[in-house]
Each structure stands twice: as structure tokens, then as C-alpha cells.
């Protein structure tokens, strides 16, 4: 009786000959290898020996169920991607470009977090809030200041329209026009070696054979165990971004990116905001960033309660009632933004021996490998930094590696931005982190009243800070608090990736009356007093 092996990694007829020769080494075994079908039909011997010899020849193999009829693809890999967000789509597109037949599995809305409930809608809301704030608080004499009326329902409708358009252009249309991409609706889970099962909404299921699997299921809001919170109509960022009214009072629990961005946006659109942070703002970053941002937010009227978390939450008569160590606080809405947890609990990882950490995250190496040779993972379901551009880069590199290439993800010069106003942007190491890495570091901080463009803008809130290796002057990191920090940080990232010193940076040409010139000026402070230079001195 003939048994069928799925053979992966063959790129031509010569590969089929090589696989046949490898199998012929087993005494009593007869094998017929088909490059066109991507299989070997074997008689005699045992599966473990077949697979061992094929892998020793530089290919991969696993037995198909029965005779494999109806399940055998052509020579291209079968890649199954669980998820349809940024990491998933980037990986799917690159795998298809490499000749793979790709099946994406999605149980919810196509496109994942970023386009639907994350980056895109939040930045639209933040921008609208900035416009509202500037109308009443701009710094220019001679221009009328007024507080605009806010129609939150109209803003939300416009925001959703742009989200829908981007999802269609960047996800739905790509699926419709790429014959190598197939979408299955349902919940995907691992069902054994090279097997994925998809449970559909109608109760039926589909089993897939997969040469390679990419897990890219993202993450969801993590909810703290505060007594009374469960069962109340609190918001996560999802509900906050789609809310059609601005609450008179908003309580926010969280001290990091999402909490700060949305807290300021709601305050600028008319809410009285009280924010509770377990420690400081942006506690993982250079302390000066959180301290500087806290001062600015308080000046805008936000009530920041640092080192404080409500002891109990209740919802009575349409209002939240938060029990505090020193009293009580009421609000019409409560936003919980205390981090995210990986969406991995229902993936059946245990069936193949794949473990996660305490937050449900899958460990991957720089090549996005999981430790199971046919499974890669990318995006927010892993322990990688939770930024959409990191997810997309990881998905692309995972696909390259799944289809025979060799690519790694280098995060040494990864820029990060918090879209408050002013923005917070970082790249590389802070001074504290540099010292933890055993590096002798020094830093300089340039307040924005030394940056000509900030003076011309009448907005000198914030600073530029550069960290360098003592002695060599090699740039190690940058931290910026400035209205355009997100636009400035990429120059620092490129300088860091290029191995530049602060002297190199100080000697570069920067266009005058730009905020990014602050990097050059800060670099110059390592060797001179920039206050004694002319306004555009080189």
C-alpha cells in the first residue's frame, strides 16, 4: 500500500530527483516523487525514517491523511495565517509573492486593530481634538480665540467613514484581487502536526493542511481586577473611540500611551478628565518625559492622580462611583486603558507543545520562529513591542523565512511615538537603559526655547535629549517631548542605525526653521554653548 508524503521546499524537477535518491537509501523502500504535485508516494519503511531522510536532504516532509487525495497542493507552500491584521496581511502578501498559496483565517472584522479600532480612528479623534483646542488656545495675538461647538456624533461618523474606506482599500480589495490569497471566516486553532481547524459561525468546521503557519492574532484590552469593575459599562479604547457623545466627566485608569492620548483628546473636546496611574506617566521611559508631559496636561486642566488606582468601582444611576483611598469620585464614563493581553487562549497551542508567558504572549526569536519548526508568529500576540509598523515588519520577515529566505527583525533603532500634544518620541536607549547595558553614557538636554522654530511657533513646551557613549560620542538614543516629536524622531533613528556620533550629527546640514533642527542643536551642546551661536549657525 502506498503512503503519500507532502514534500515542501522543492523548487524544480532536480529537487524531486534529490528527494527520491534520499528515500532510496532505505532498504526495501520504493518511492515516486512528483515535483508538480509536491508529494512522494512511498512503499515500505516507516514515516519517521522517511521524514528524517528528506530533512537531511534539505527539504521537509510529513505524511498526508489516507492517500492525500483532494488535499495535495502544487509545488508551492501552503501557508495558513491565523488573523487578518497588519502582521497577518503583511505576511500573507509576502508569502504569496514567494509563490505560496495562502489562507487567512479571521473570526471578526477584517483588518485587525490598527485600521479598525486603534491607530487610524484614534489619530483622527486626536487631530480633531487638537483643532478644537487650538481654536480657543492658540498663542497668536490678533487672532480671535473661541471655543468651538463639538458635534461628537458627526466627528464619529466622519472618523468611521475613513476607517471603512481604508479597510476596503488596504484589506478587502487586496483579497479580492490577489488569487493567491483566500479568506476563511471562523476561529482558527491548531489541531495537530501541520493541521489547522477552522470553526465557522454556523457550527461547521474546516480542517486545513499547512506547510507553514503564521500566528498573528493580535491582542485585546487587559482589564485589571478592581472590585466591582466587572459588569459595569466601562469603556476600553474601542468604546471610547466610537462613543457619539462627550461625557461631562471622564475617569481614566492607566498611565501609558492609550490612556494619555485619549484622556487629552476627551479633555480638549469638553470632558472634565481625572486620570489614575498606578505609578508615573510613561513609567518605562526616561522620567523627564513623563514629568514634562504631566506638567503640560495639568496646565490644560486634567486632574492627574499618580501612584493611585481606585479601590472599588460601582455604577449607580447612570454614573460611575470610584472609591479612592482619600474619598469618592463620580463620572459619567470610565475608560480602562491598562495594557493589552495576547489573543492566544483559544488557539490550541498546547496541542503542539507551544507555550506562552503570563500575558499569553508567544516567544519568538529575531527570525519570528516559535520553537516549532513549522510555526512562526508576529504582531501583538508575541512579546514584540506593540506597534503596527513592528507587527507589519515582523509579518513580512516571518513570511520570508517561511518560504525559504533568511530575514531578521532588528529593533535596535525602533522609533516610538505617543500622540499626545506635545508628542513624546523615543529611539534607542535612555541614559538609565544604557547604563543597565553596561555602557558608559552621557546625555545633554536642550529645552525648546533654544530651537528657533519653536520660538517662531510660540510653543516652547518640551525638550530634546540625546544619549551618547562617553568617549566615542556614539549616539545611543534620543528622547523628545515636542509638538512635532513624531516627525523629528526618524532622523535620530536613521543616525542611530548609521552608527553616527553626536559630532557627526552636529555637523550635518539641517533646514533652518524646522523642529528637527533641534537634534543638531542638542548634538552641538556636547561640545559648545548653543546659546552663544547665531540663529542658524553651522
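Neighbouring Cβ atoms within 10 Å as the yardstick, rank 197, 97 fewest first. Before the final figure, lay out the partial values.
Values: 197 18, 97 15.
By the 10 Å Cβ count, ascending: 97, 197.
Calculate how steeply helix 485-497 sits against the longest principal axis of the alpha-carbon atoms of the chain, using the helix alpha-carbon long axis, and give the answer as 0 to 90 degrees to the nearest 10.
Between helix and principal axis, roughly 50 degrees.
When the scattering of the stretch 237-337 is computed by the Debye formula from its Cα atoms alone, each counted once and equally, what is log10 I(q)/I(0) at q = 0.13, 0.20 Å⁻¹?
For the stretch 237-337 at q = 0.13, 0.20 Å⁻¹, log10 I(q)/I(0) is -0.42, -1.00.
Report, to the nearest 10°, how far helix 152-167 tilts away from the longest principal axis of the Cα atoms in the chain, using its own Cα long axis and a range of 0 to 90°.
Around 30 degrees separate the two axes.
Please report, in cubic angstrom per residue, the volume enclosed by the convex hull of the alpha-carbon atoms of the stretch 416-529.
Values: hull volume 10.2 nm³, N = 114.
Normalising the Cα hull of the stretch 416-529 by residue number yields 90 Å³.
Each label point is 7 Å from the Cα along the Cα-to-Cβ direction; what then is the distance between the points at residue 497 and residue 328, in nm?
The answer from the label model is 5.5 nm.
Could the peptides 478-490, 17-29, 422-434 be put in order, highest first, of the mean number of other beta-carbon atoms found within 10 Å of their residues? Could the numbers behind the result be given before it?
Details: 478-490: 23.9, 17-29: 15.7, 422-434: 22.2.
Output ranking for 478-490, 17-29, 422-434: 478-490, 422-434, 17-29.
Could you list the residues of the stretch 250-278 with an amide nitrogen less than 14 Å from a label point located 7 Å from the Cα of residue 137 in the Cα-to-C-beta direction?
Counting only backbone N, you get 261-274.
For residue 513 and residue 97, compute 0.36 nm times the residue count separating them, minus their Cα-Cα distance, and round to one decimal in nm. Working shown, then result.
Working: separation 416, 0.36 × 416 = 149.76 nm, distance 4.34 nm.
The span from residue 513 to residue 97 would gain 145.4 nm if fully extended.
Arranged by the count of other C-beta atoms within 10 angstrom, fewest first, what order do 435, 170, 520 take? Provide the component values of the computation, followed by the final result.
On the way: 435 13, 170 16, 520 22.
Ordered by Cβ neighbours within 10 Å, fewest first: 435, 170, 520.
So how do 326-332, 522-528, 180-186, 464-470 stack up, highest first, on mean other-Cβ count within 10 Å? Walk me through the numbers before you get to the answer.
On the way: 326-332: 13.0, 522-528: 19.7, 180-186: 16.9, 464-470: 23.0.
Going from most to least packed, we get 464-470, 522-528, 180-186, 326-332.
Taking the stretch 300-355 as the region of interest, what is the percent of Cα-Cα pairs per 5 angstrom bin, listed from the shortest bin to the one with the maximum distance?
Taking all Cα pairs of the stretch 300-355, the binned fractions are 4, 13, 17, 17, 11, 8, 8, 8, 8, 4, 1 percent.
Would you indicate which of (1) 1.53; (2) 2.56; (3) 1.14 is the value of Cα Rg over 2.2 N^0.38 Å derived from the coordinates of this structure?
The listed entry that was calculated here is (3).
Using the count of nearby Cβ atoms within 10 Å as a rough guide to exposure, how do 515, 500 rank from fewest to most?
On the way: 515 23, 500 19.
Going from sparsest to densest Cβ surroundings: 500, 515.
What is the helix-to-structure angle for 13-24, meaning the angle in degrees between its Cα long axis and the longest Cα principal axis of the chain, kept from 0 to 90 and rounded to the nearest 10?
Taking the Cα atoms of the chain, the angle to 13-24 is about 60 degrees.
From the helices alone, meaning DSSP H stretches of at least four residues, give me the mean residue ellipticity at 222 nm for the chain, per-run term -39500 (n - 2.57), in deg cm²/dmol to the nearest 500. Walk me through the numbers before you get to the answer.
Numbers: 16 runs with 163 residues, N = 538.
Counting only the DSSP helices, I get -9000 deg cm²/dmol.
Can you give the Rg to Rh ratio of the stretch 3-63, both from alpha-carbon atoms, with Rh computed by the Kirkwood formula?
Radius of gyration over Kirkwood radius for the stretch 3-63 works out to 0.90.
Please pull out the direction-averaged projected area of the stretch 92-180, using the convex hull of its alpha-carbon atoms, in nm² to one decimal place. Can you show the working numbers first?
Details: hull surface 32.9 nm².
Result: 8.2 nm².
Modelled label-to-label distance, residue 52 and residue 436, 7 Å Cα→beta-carbon offset: nm?
4.6
Please tell me the relative contact order of the chain in percent, rounded to the nearest whole number, where contacts are Cα pairs under 8 Å and at least six residues apart.
On the way: 1115 pairs, mean separation 64.4, N = 538.
So the answer I get is 12 percent.
How long is the gain from residue 528 to residue 299 if the chain were fully straight, where each residue apart is worth 0.36 nm and the alpha carbon distance is subtracted? Present the calculation step by step, with values, prior to reporting the outcome.
Numbers: separation 229, 0.36 × 229 = 82.44 nm, distance 3.30 nm.
Separation in residues times 0.36 nm, less the Cα-Cα distance, equals 79.1 nm.
Computed from the coordinates by the stated procedures, all read-outs in this text should not be read as laboratory data. Keep in mind that what you see is a predicted model, and the values were worked out from it rather than measured. Glycine gets a Cβ as well: all are built from the backbone with ideal geometry, and neighbour counts include every protein chain shown.
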